[in-house]
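Inspection log for the structure reproduced underneath, given as structure tokens.
The values are calculated or read from the model by the stated rules, or taken from the named source; none is laboratory data. Computed from a prediction, not measured in an experiment: that's the story for all the values here. Ideal geometry is used to build each Cβ from the backbone, glycine not excepted, and the neighbour counts take in all protein chains shown. Quick note on the areas: whole protein, heavy atoms, side chains included, nothing else; ligands and nucleic acids left out. Shrake-Rupley method; radii C 1.70, N 1.55, O 1.52, S 1.80 Å.
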2 protein chains.
Amino acid sequence: MAEHPCGTCRFYQDSIWQPLPMASASLLSKGFVRRELAAGETLYHQGSGCRSVYCVSGGLFAIRSIGPDGTSSLMRLAYPGEIIGYRAFLKGGEHSTEASALMPSRVCTVAERDARHVIRASPAVLERIAKRCADGLDQCREQLMSKETVSNKDRLFDLLNRLMSAFGEEAGGGRRVRLPMSRQDLADLIGVAPETLSRLLSRLEREGALRASGRRIEMPADPAQRAAQR
Amino acid sequence: MAEHPCGTCRFYQDSIWQPLPMASASLLSKGFVRRELAAGETLYHQGSGCRSVYCVSGGLFAIRSIGPDGTSSLMRLAYPGEIIGYRAFLKGGEHSTEASALMPSRVCTVAERDARHVIRASPAVLERIAKRCADGLDQCREQLMSKETVSNKDRLFDLLNRLMSAFGEEAGGGRRVRLPMSRQDLADLIGVAPETLSRLLSRLEREGALRASGRRIEMPADPAQRAAQR
DNA sequence: CGCTCGGTTGAGCGTCCTCAACACCCGTGG
DNA sequence: CCACGGGTGTTGAGGACGCTCAACCGAGCG
């Protein structure tokens, strides 16, 4: 019989497609596509109108905004478990950003048509999508807030910590990670010029919070906490 | 018979409660309360859990965030036509901000219970609320964006223009408005220290974009445009 | 009168931006 | 093998902007 397509997913219990009555589940299965993306591949383009709902189930996505002059800037990251593309789905317009994989990644896709079918049959799904949207709003406001209250250096440190805990590995009394993005992207992410980012990294390094060499970042296990505490 | 409670509202055509089948409309009427607030009155408190959905139908509301240390800061304004309180409604948690009237104002309130009843009967309403949430998200990102790209002076000018067109009046070859908030609030709104706000105003004045005296702001009609163009 | 409160003005300072030069990595091509 | 060039990242100098602290001003009020 129709198993729930998210049944084996690591994020099943928090899935927006769950719980679902049997009939809706088989409806969902029809429109459900699991997709692997190589690093650099783009999932959807800014301005495109293909309004699927995507659930990141592995890897990392860059949500970029492309200015009228062609320059693009990394606005935020989407980690496994996050829903992306819901904004265009809810508003029914075009995507206002583009999403591309920063490392080999996987998404589960439900095409707009099918998603709307499922929602018609099970309105609770829409409720859960709306909740994700409200979460996104909270995050955005949080970001706006921290921009005023937290120093760029600290925000960079927080970001690196987040990446470290998501993708890092243990390495002799500390952790190590290979950053999946360029300095330029890193700079965009915390909202600073690349030169400034470089200097912030130097400062963190001088303070003993980390060691950086190219895209390799190492952080001492406990000492970093103590040093960063200051 | 049960008229639609929003029927006579200036924002009826964009109402989230519209269109609605007759049966749902009378359901809505039951939970529908129009409320007048005096300047300074607060609509809901941060941390409170009474999750009505509010529609601003007149006046102006301040959405404030109150820090753990008791200091409050004006995060954003809610103009007539906007829905507020939907975040707590969607997430089912407490309000993360407080809303208070900056001038004599009016809101239309639908209590959580009744709102959920209406939604159960007419899921399209939830869809419209979700859309408003996505709008809010867009606005928030827009704000984040403009923070990086637009100077504080220009952002202040834009804000004053917005207030001017919402609440200003014609006055001898220009427009005039009485600001419904303190300098501190104005400063919070554009994310700047009060001293800096004062200087920004001086600069705008020196450039001929406006004349400010206390809470009175005057803007020349066309010359301002030309002067601001520079 | 003197108080407080909101607002303005001034001085000093830190941070970040811009522009520019330079260092480095790694490919291609001689 | 080495020279070259582009892309990427770092470093330096100079300047703009906003923050903080502090003094001051004016209005409203006991």
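Here are some notes:
- Any hit, segment B:109-116, residues being surrounded by fewer than 21 Cβ atoms within 10 Å (Cβ to Cβ) and within 14 Å of chain A (Cβ to nearest Cβ): yes
- Of all residues in segment A:121-137, those being more than 10 Å from every other protein chain (Cβ to nearest Cβ) and among the β-branched types (Val, Ile, Thr) number 1.
- Taken together, the criteria exclude B:Met103 from residues that are in contact (Cβ under 8 Å) with a residue 12 or more places away in the chain, within 14 Å of chain A (Cβ to nearest Cβ), under 30 Å from B:Pro194 (Cα atoms) and open to solvent by 30 Å² or more (accessible area, probe 1.4 Å).
- Residue in segment A:67-82 that is β-branched (Val, Ile, Thr), open to solvent by 10 Å² or more (accessible area, probe 1.4 Å) and within 9 Å of chain B (Cβ to nearest Cβ) present: no
- Checklist (1) of a type in the set (Asp, Glu); (2) within 14 Å of another protein chain (Cβ to nearest Cβ); (3) free of Cβ contacts under 8 Å to residues at least 60 places away in the same chain applied to B:Asp158, failing item: (2)
- Taking strands (runs of 3 or more DSSP E) as the structural unit, those lying wholly within segment B:1-65 and holding at least 1 residues that are under 20 Å from B:Met181 (Cβ atoms) and among the charged types (D, E, K, R) correspond to B:32-37.
- For segment B:191-219, filtered to residues that are in contact (Cβ under 8 Å) with a residue 24 or more places away in the chain and within 9 Å of DNA strand D (Cβ to nearest atom), the residue that is farthest from the other protein chains (Cβ to nearest Cβ) is B:Arg203.
- Selection status of A:Ser72, touching a Phe, Trp or Tyr at 6+ places or on another chain (Cβ under 8 Å), in the same structural domain as A:Val125 (by TED's automatic domain parsing) and small (Gly, Ala, Ser): no
- Residue among B:Leu137, B:Leu186, B:Leu179 that alone is at pLDDT 95 or above and in the same structural domain as B:Ser72 (by TED's automatic domain parsing): B:Leu137
- Scanning segment B:74-99 for residues that are charged (D, E, K, R) and farther than 22 Å from B:Arg183 by Cα turns up B:Glu82, B:Arg87, B:Lys91, B:Glu94.
- Test for B:Ala62: is it under 13 Å from the mean Cα position of the chain (by Cα) and more than 14 Å from every other protein chain (Cβ to nearest Cβ): yes
- Residue, farthest from A:Lys30 (Cα to Cα), within segment A:66-116, restricted to residues that are of a type in the set (Ser, Thr, Tyr) and not in a strand (DSSP E or B): A:Thr71
- Residue in segment B:138-147 that is more than 14 Å from chain A (Cβ to nearest Cβ) and in contact with a strand residue (DSSP E or B) (Cβ under 8 Å, 6 or more places away or on another chain) present: no
Residue by residue, here is whether (1) within 17 Å of the chain's Cα centre (by Cα); (2) of a type in the set (D, E, K, R); (3) away from DNA strand D (no atom under 16 Å from the Cβ) holds:
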| position | (1), (2), (3) |
| --- | --- |
| B:Cys108 | yes, no, yes |
| B:Val118 | no, no, yes |
| B:Leu126 | no, no, yes |
| B:Gln143 | yes, no, no |
| B:Ser151 | no, no, no |
| B:Arg155 | yes, yes, no |
| B:Ser165 | yes, no, yes |
| B:Gly168 | yes, no, yes |
| B:Asp185 | yes, yes, no |
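- Put simply, of A:Ser52, A:Ser29 the only residue that is open to solvent by less than 30 Å² (accessible area, probe 1.4 Å), of a type outside the set (A, V, I, L, M) and not assigned by TED's automatic domain parsing to the domain that holds A:Pro180 is A:Ser52.
- Criterion violated by B:Ala88 - all others in (1) open to solvent by 30 Å² or more (accessible area, probe 1.4 Å); (2) within 14 Å of chain A (Cβ to nearest Cβ) satisfied: (1)
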